[in-house]
């Protein structure tokens, strides 16, 4: 296995492990709250919201940057495909929030 492929694989495994740890911590907090009977409707809603990792935030930032570049180049390049891509990326970013 090439060194760069090995590094990429190790990074993916590290990111996955970190995500699992974060989810386990969230689960532990939820169980602890339930056992201590400190759960209200609002607390339960806050706890069970989907967790967003650093990778999710990085991906959103990259998509936002791509949208901005496409928007800036819109007048220079009159391309239907670029316009469609910009709109699709915008929709994906909106849905992720």
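The values are calculated or read from the model by the stated rules, or taken from the named source; none is laboratory data. Computed from a predicted structure; not experimentally measured. Positions of Cβ are backbone-derived with ideal geometry, glycine not excepted, and every protein chain shown enters the neighbour counts.
Hey, can you tell me all the residues within the range 41-97 that are surrounded by 10 or more Cβ atoms within 10 Å (Cβ to Cβ), modelled with pLDDT under 75 and in a loop (DSSP other than H, G, I, E, B)? Residues satisfying the conditions are 51, 52, 53. Whenever a residue of the range 44-69 is in the same structural domain as residue 88 (by TED's automatic domain parsing) and over 13 Å from residue 90 (Cβ atoms), it has no partner that is modelled with pLDDT under 85 and not in a helix (DSSP H, G or I) lying with C-beta atoms less than 7 angstrom away and at least six residues away or across chains.
When the criteria are applied in full, residue 19 meets the requirement of being outside the structural domain of residue 95 (by TED's automatic domain parsing), modelled with pLDDT of 80 or more and surrounded by 12 or more Cβ atoms within 10 Å (Cβ to Cβ). Scanning the range 22-31 for residues that are at pLDDT below 85 and exposed (fewer than 11 other Cβ atoms within 10 Å of the Cβ) yields a count of 2.
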